[in-house]
Amino acid sequence: MGRTKGPRKISRYTAEFKVKAVKLSEISGVQVQDVADALDIHPFMLSRWRKEYREGQLRARAGVMPGLRQVREVKELS
């Protein structure tokens, strides 16, 4: 088995992307391989992210929900 031709694909993924991928793979009846294929990542990488998520090493940043800011503005005007 030879080395693939062309440039190597090296990507950096955000924590949010990783957590979304993990949550997609946890859906009942969905296989890790299917999620990996859909996201164009290696199945081993997704498995590693799942392990990191279980161990608490992988967390998405807690951002402000889009609608929350509008609710605060309305309350301030009242």
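So if I check each of Leu46, Leu39, which one is modelled with pLDDT of 95 or more and surrounded by 10 or more Cβ atoms within 10 Å (Cβ to Cβ)?
Details: Leu39 fails: modelled with pLDDT of 95 or more.
Just a single option satisfies the conditions, and that option is Leu46.
Enumerate the pairs (first residue in segment 19-32 and free of Cβ contacts under 8 Å to residues at least 40 places away in the same chain; second residue anywhere and β-branched (Val, Ile, Thr) and surrounded by 15 or more Cβ atoms within 10 Å (Cβ to Cβ)) with beta-carbon separation below 7 Å, excluding pairs fewer than 6 apart on the same chain, so at least 6 apart or on different chains.
Qualifying pairs under 7 Å: Ala21/Val35; Leu24/Val35; Ser25/Val32; Ser25/Val35.
Scan segment 4-35 for residues that are modelled with pLDDT under 90 and open to solvent by 80 Å² or more (accessible area, probe 1.4 Å) and jot them down. Break it down into steps so the answer makes sense when it comes.
From segment 4-35, those modelled with pLDDT under 90 are 4-12; that's our starting set.
Hits for segment 4-35 are Thr4, Lys5, Pro7, Arg8, Lys9, Ile10, Arg12.
The values are calculated or read from the model by the stated rules, or taken from the named source; none is laboratory data. Quick caveat, the model's predicted, so the values are computed rather than measured. Ideal geometry is used to build each Cβ from the backbone, glycine not excepted, and the neighbour counts take in all protein chains shown. With ligands, DNA and RNA removed, areas are computed over all heavy atoms of the protein, side chains included. Shrake-Rupley method; radii C 1.70, N 1.55, O 1.52, S 1.80 Å.
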